[in-house]
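The structure under discussion appears below in the form of structure tokens.
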Amino acid sequence: MKNESAISHTVMRRVRAIRFLRPAFSPAALAFVLFLASLWGIGRQVWVARVFENMPSLADVPAFASFALGAFAGTELLVQALTVLAGAALIRLAADLGKALSTSSRFA
């Protein structure tokens, strides 16, 4: 449309900007940011390399479960809260991904 008025041009520019920025403020984006922030916080509080060195093999499920529970119980409250936050954010991301995949497969 060549005869666009100044008001119409301004309104459409704002509509395009909002449409472009909408995914950045979605619940999935918030969950992703919370997941990364909580992992960063855990990394600042815990020497992660030492945890992996002391961790038993994943094949030995009872020893791994015992280690994981002991490691979680032996940390500070902040690390426990960040771990729970990271788990919740990861569950939310998985749910959003599952919903997105099921929606896109219906239209394929």
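We did not get these values from a lab; they are worked out from the coordinates using the rules stated. Everything numeric here is computed off the predicted structure, so don't read it as measured data. Cβ atoms come from the backbone with ideal geometry, glycine included; neighbour counts cover every protein chain shown.
Observations, loosely collected:
- Chymotrypsin sites (Phe, Trp or Tyr not before Pro) within segment 18-108, DSSP loop, no more than 11 other Cβ atoms inside 10 Å: Trp47, Phe107
- Degrees between helix 77-106 axis and first principal axis of the chain (Cα, 0 to 90, nearest 10): 50
- Shown is the FRET efficiency for Ala68 and Met12, computed with R0 = 41 Å from the Cβ-Cβ distance and rounded to the nearest 0.05: 0.15.
- For segment 26-106: relative contact order, % (alpha-carbon pairs under 8 angstrom, 6 or more apart): 51
- Chain lengthening between Ser26 and Val46 when straightened (0.36 nm per residue, less Cα-Cα): 4.2 nm
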